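Beneath this line is the structure, given in structure tokens, with notes to follow.
The values are calculated or read from the model by the stated rules, or taken from the named source; none is laboratory data. Just so it is clear, the structure is predicted and the values come from calculations on it, not from any experiment. Neighbour counts are summed over all protein chains in view; Cβ atoms, including those assigned to glycine, are modelled from backbone coordinates with ideal geometry. Side chains included, ligands, DNA and RNA excluded: accessible areas come from the protein's heavy atoms. Shrake-Rupley method; radii C 1.70, N 1.55, O 1.52, S 1.80 Å.
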Amino acid sequence: MSVKIPENLKYTKDHEWVSLDGDCYTMGISDYAQGQLGDIVFVELPAIGTKLTKGKALGVVESIKSVSDVYAPISGEVVEVNSEVSAHPEMCNSDAYSAWFIKVRIANKGEIAELMDAGSYAQCCN
Amino acid sequence: MDLQRTKLFDSHQELKAKLAPFAGFEMPIQYTSVKDEVFSVRNHVGIFDVSHMGEFFIEGEEASHFVDYLVTNDIKGAAAGRAIYTPLCREDGTVVDDMIVYKISMNKILLCVNASNMQKDWEHINRIKGTTHFKCTLTNHTDDYSLIAIQGPKAARMAIDAGILSVGEESGFAYYGVMEATYQQKNIIVARTGYTGEDGFELFCDHESARKLWKKFLEMGAAPCGLAARDVLRLEVCFPLYGHELSDEVTPLDSGLKWTVKAKASGFIGKAALDHYKAKYHFIKLLLPEGVPRQGYVVEDETNQEVGVITSGTMSPTIGKGVALAHICKGKVATIDKNKKFWIIIRGKRYEAKLQEKAFIIGGHK
């Protein structure tokens, strides 16, 4: 199965995807990440209002055999949390890009330039 | 150090297994998904390459006397053709390893030991043998054998169809039985054992027969299963694993294995220490409705006091909940009744766990 890397999204080296929308972004973990983790059984997300710092852990994804941190792609404040994905963690396996984790109001737009486009990210998935 | 590979390694690569180092071997951890592999074994049939495990043979007229002296469980009293799970202890009662003793005949015994402990076991057993005068020989055949486990409710049917044993042999072959058989004119050892709680067989065979059998089982529709599924399967049925429930630091009495330590008047290594040993821990099973318990997580009681630690934990695909085994310090909790409450600490948060009396899953073995 080939790894899906949609052109319209941005990515981090830690395998988070980012969808930019004005002052906010939506994020989750990439298709490559879910494939590497295997059956995802638990997702722990921050509460609304939590202040995130780029590169710091914002939550946790657990597969049957592993525990992995999820990192903030850009600093900001959590404005929306997808409780569906905590209730049904297997959504990450079936479609990583519709299983969004949180929406965040961007604190520092300068950090956007540090994200990778699909072409660069594909190099991280070999 | 270079990792060793089992003789089935080419097949694991062809099947695109995720590989990882385990006990000095490059082993298949999973092939498709841990969940699917667990379900295959619980509902149909799965096969495991466990050739990394160690095989020692003890042969001679006093073979069963020597093994009886070596381990805590009763080997002398067991009939020929039986397999016996047992810890292997030091003089002070601590656990060197746990193993299955296959009493193939009265004077031919196979010990199947954990790969990660093989060298330590070999040295320990040789040391003990050097202090005794039992009439038997001890040989290490780890490199000569491949080991395939075929596990699940359809395992018996598949073993018959593959020509390993006849319908008549199968019906008279109880769980934890062992016998010598032939597969395509080669001698193999067939045991009705495994590490999953399901019915099934472990096949000790030469490498060529192992390659043929592995290929045959795959063609017949058995799901290849990795070590991750094996660990989940054993934990669902609450079988201990060395490095988790057992270690150089604990005795069998600390991990619920009192049933494997027999009175044996003729004595055994560790008897003097174990006769007077008071277990340091209660060994308990915890079910977690929310969250995933992991080895090393702290267990607290209703007063927020740390009382123990998780020895093994995972999400059980079969019941869809977190399952764990734990050591609770007897110094902190004197007795445990069935209403006792425990909490598991996960990343600083308290998750209430339910004390379980029975294993999380009752396997389908006969």
Protein-only accessible surface order, largest first, of B:His327, B:His207 at 1.4 Å: B:His207, B:His327
Helix-only mean residue ellipticity at 222 nm for the protein assembly as shown, each DSSP H run of n ≥ 4 adding -39500 (n - 2.57), per residue, nearest 500: -5500 deg cm²/dmol
Where in segment B:1-39 does the amide nitrogen come within less than 15 Å of the point 7 Å from the Cα of B:Leu218, taken along Cα to Cβ? B:6-19, B:28-32
Per residue and in cubic angstrom, what volume does the convex hull of the Cα atoms of segment A:10-100 have? 83
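With viscosity set to 0.692 mPa s at 37 °C, what whole-number translational diffusion coefficient in µm²/s follows for segment B:54-140 from Stokes-Einstein and a Kirkwood radius over Cα pairs? Walk me through the numbers on the way to the answer.
Details: Rh = 12.6 Å.
Result for D is 261 µm²/s.
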Evaluate the distance, in nm, between pseudo-label points positioned 7 Å from the Cα of B:Glu290 and of B:Arg157 along their respective Cα→Cβ axes. 4.2
Name the most mobile residue of B:Cys225, B:Cys205, B:Cys329, meaning the one with the largest mean-square fluctuation, in a Gaussian network model of chain B with Cα contacts below 10 Å. B:Cys329
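Too long at a 29 Å Cα-Cα cut-off: which of B:Lys280/B:Lys340; B:Lys280/B:Lys349; A:Lys56/B:Lys285; A:Lys4/B:Lys35; A:Lys65/B:Lys76? Mind dumping the intermediate values first?
Values: B:Lys280/B:Lys340 18 Å; B:Lys280/B:Lys349 27 Å; A:Lys56/B:Lys285 35 Å; A:Lys4/B:Lys35 22 Å; A:Lys65/B:Lys76 40 Å.
Listed pairs above 29 Å: A:Lys56/B:Lys285; A:Lys65/B:Lys76.
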Ordering B:His133, B:His52, B:His65 from largest to smallest accessible area (1.4 angstrom probe), what's the sequence? B:His133, B:His65, B:His52
Rank B:Glu180, B:Glu219, B:Glu352 by mean-square fluctuation in a GNM of chain B with C-alpha springs under 10 angstrom and give only the top-ranked residue. B:Glu219
Under a 10 Å cutoff between Cα atoms, tell me which one of B:Arg230, B:Arg192, B:Arg157 has the largest fluctuation in the Gaussian network model of chain B. B:Arg157
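If you build the Cα gyration tensor of the protein assembly as shown and take the root of 5 times each eigenvalue, what three semi-axes come out, in whole angstrom, biggest first? Kindly include the intermediate steps, with their values, before the conclusion.
Details: eigenvalues 412, 160, 69 Å².
For the protein assembly as shown, the semi-axes come out at 45, 28, 19 Å.
Please give the contour-minus-distance gain from B:Glu14 to B:Glu180: 0.36 nm per residue of separation, less the Cα-Cα distance, rounded to one decimal in nm. Could the numbers behind the result be given before it?
Values: separation 166, 0.36 × 166 = 59.76 nm, distance 3.12 nm.
Stretched fully, the B:Glu14-B:Glu180 segment lengthens by 56.6 nm.
With a ≥ b ≥ c the root eigenvalues of the C-alpha gyration tensor of segment B:150-223, is it rounded (a/c under 1.5), prolate (a/b larger than b/c) or oblate? Show your work: numbers first, answer last.
On the way: a/c = 1.44, a/b = 1.14, b/c = 1.26.
The shape class here is rounded.
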Largest-first principal axis extents, alpha carbons of segment B:283-366, Å: 40, 28, 20
Using a Förster distance of 30 Å, how high is the FRET efficiency between B:Lys280 and A:Asp69, based on the Cβ-Cβ distance and rounded to 0.05? 0.35
A:Asp23 paired with B:Ala265, simple spin-label distance in nm, labels 7 Å along Cα-to-beta-carbon: 8.8
Give me the distance between the Cα centres of segment B:175-220 and segment A:32-63, rounded to whole Å. 42
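To the nearest 20 debye, what is the magnitude of the charge dipole of segment B:54-140 about its Cα centre, counting +1 on the Cβ of each Lys and Arg and -1 on the Cβ of each Asp and Glu?
Details: 9 positive and 12 negative charges, 34 e Å.
Charge dipole, segment B:54-140, about its Cα centre: 160 debye, nearest 20.
So what's Rg/Rh here for chain B, counting alpha carbon atoms and using the Kirkwood radius for Rh? List each step's numbers first, then the result.
Values: Rg = 20.6 Å, Rh = 21.3 Å.
With Rh from the inverse mean 1/r over Cα pairs, Rg/Rh is 0.97.
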Extension reserve of the B:Glu169-B:His207 stretch, reckoned as 0.36 nm per residue once the Cα distance is removed: 11.3 nm
Return the distance in nm (one decimal) between the two label points of a simple spin-label model at B:Ser105 and B:Glu302, each offset 7 Å from Cα along Cα→Cβ. 6.1
What does the structure give for B:31-38 when I average, per residue, the other chain Cβ atoms found within 10 Å of the residue Cβ? 3
Note: B:Ser247 to B:Asp2 extended length (0.36 nm per residue) minus current alpha-carbon separation gives 85.6 nm
